[in-house]
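The values are calculated or read from the model by the stated rules, or taken from the named source; none is laboratory data. Owing to the predicted nature of the structure, the values given are computational and were not obtained by experimental measurement. Reconstructed Cβ throughout: ideal geometry from the backbone, glycine too, with neighbour counts over all protein chains shown. With ligands, DNA and RNA removed, areas are computed over all heavy atoms of the protein, side chains included. Shrake-Rupley method; radii C 1.70, N 1.55, O 1.52, S 1.80 Å.
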Amino acid sequence: MDDASSLVDAFRAKTISPTEALDASLAAIAASQLNAVCFIDEEQARATAAAADVSLPFGGVPIGVKELDPVKGWPQTEASLVLKDEIAQYDGTMTARLKEAGAVLVGQTTASEFGGINCTYTRLHGATSNPYDLERTPGGSSGGSAAAVSGGLLPICTGGDGGGSIRIPAGFTGLLGLKATFGRVPKGPHTEIEPLTAVIGCVSRSVRDAARWYDVCNGASEYDPFSLPRVEGWEAGLGTFTLNGMRVAVSVDLGAAVVASAVREKVEAAAAELISDAGLVRVDVPVSMPKGGLEWALAGTASLLVGLGDRYPACESELTPEIMLAANIATNHFSLETAKNIEAFRRDIIVRMARLFDEVDFIICATNPDVAFPAKGPMPTSIDGIDLVSEYGFESAVGNNGALTIPANTTGNPAVAIPIGLVDGLPVSMQIIGRHHAEQLLLELARVVELERPWPLVAPGSPV
């Protein structure tokens, strides 16, 4: 089937049953070399599929759940060897709503440890591969979800985005990835508060699947004090919004990242085509986002230590190097000066973003600075043969990988990653950032691209 929505249509037409769809997914997972699924609840999935109410929005659809999203009775490892024996005692608000919408929760998809980096490689599960090239990463932290959807294992999966963790994997694997306005889908029932950057959602093959997802999952919850009121009509509204005359700035690098020349050319071309197709007006305004990768990383260290609890520092040797470093910095080097720098960075970038949206309605840039890097890392510190460490310093070089996605997390703005083709056989993605609460306009723009220049729904050679 093309996407989750068409699968529901097929269930209702009785051309395939939910049990048959589940069988196909289980067989694809079993035969896969992607290492995208780390836990399967086959017994419960079969029971749910057999009793599926296909009149519901996701009635009978097999769905993968990122291993950072709790499902009662499933492992709750946070993708960490330290927590390998933990079991979830509750459903997350989003997963509970998916169950109510008829979804068949099949199993867990792999993630980076505590969602900390944009590469899905952990001591608990090893490396997850990109369906376009098994030697490359699908990104992170929602890498397993992206690999499973792009690789034809599951039609749609949950994701989370605290610094690009939906958009980066979607970009690396040829999928649609919407990071909604902060608070659009409630977290909880035990809500992580700091650092006020992370949202939850999905990676999907189509715009309508993403719209249906938000129809099901959006709406305030008392368990999440930052959750937003419910908005209706996401899927029904597709095709009804007027884009003509809306203003857009194009800044491939946001004034903050070093972007590979081949990626830059693809994004510039895709932006020009979208502007023409949608009747947008290009506005030339300077775009310069502060480079705040270190501040973003430090802002999340308190939540990391809460997750580790009293196991730290005794568990230090079981952590991946990146999380080990973050925990060490949080314990030994976080200070009032650090907190001041984080606060100053937040204030600066919020004002810069708001001033841009005084002049434009959308900002188009790249999603990732380059195509996917090796599956086991490390994250690259060179672009087009340029050594970013020697040119810009270590902090800027490492931060380059998230420099295009972190701004929208810090400000809470919605942003969508849209597939726009391949470079050297690997997917390239265009990102569009919108005003707060303007996700439906971003989906409308993505729909224009989808209709005018359709992207492959799965990677070549993947089961469907």
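Of everything in the stretch 355-367 that's open to solvent by less than 10 Å² (accessible area, probe 1.4 Å) and part of a loop (DSSP other than H, G, I, E, B), which residue is nearest to residue 430 (Cα to Cα)? Out of the qualifying residues, it is 367. Filtering the stretch 120-131 to residues that are touching a helix residue (DSSP H, G or I) at 6+ places or on another chain (Cβ under 7 Å) and either assigned to a loop (DSSP other than H, G, I, E, B) or closer than 30 Å to residue 57 by Cβ (or both) leaves 120, 123, 124, 128, 129, 130, 131. The set of residues in the stretch 79-94 being buried (at least 24 other Cβ atoms within 10 Å of the Cβ) and within 26 Å of residue 126 (Cβ to Cβ) consists of 79, 80, 82, 92. For the stretch 175-198, taking the residues that are in a loop (DSSP other than H, G, I, E, B) and of a type in the set (D, E, K, R), the one that is surrounded by the most Cβ atoms within 10 Å (Cβ to Cβ) is identified as 184. Applying the criterion of being acidic (Asp, Glu) and more than 30 Å from residue 2 (Cα to Cα) to the residues of the stretch 206-228, the residue that is most open to solvent (accessible area, probe 1.4 Å) is 222. The set of residues in the stretch 99-119 being open to solvent by less than 10 Å² (accessible area, probe 1.4 Å), of a type in the set (A, V, I, L, M) and part of a loop (DSSP other than H, G, I, E, B) consists of 101, 103, 111.
Hey, any hits in the stretch 308-316 for a residue that's among the hydrophobic types (A, V, I, L, M, F, W, C), surrounded by 16 or more Cβ atoms within 10 Å (Cβ to Cβ) and closer than 18 Å to residue 409 by Cβ? Scanning the stretch 308-316, I find no residue that is among the hydrophobic types (A, V, I, L, M, F, W, C), surrounded by 16 or more Cβ atoms within 10 Å (Cβ to Cβ) and closer than 18 Å to residue 409 by Cβ, so the answer is no. Restricted to the stretch 419-459, and to residues there that are of a type in the set (D, E, K, R) and closer than 18 Å to residue 273 by Cα, the residue that is surrounded by the fewest Cβ atoms within 10 Å (Cβ to Cβ) is 452. Scanning the stretch 379-397 turns up no residue that is among the polar types (S, T, N, Q) and surrounded by 24 or more Cβ atoms within 10 Å (Cβ to Cβ).
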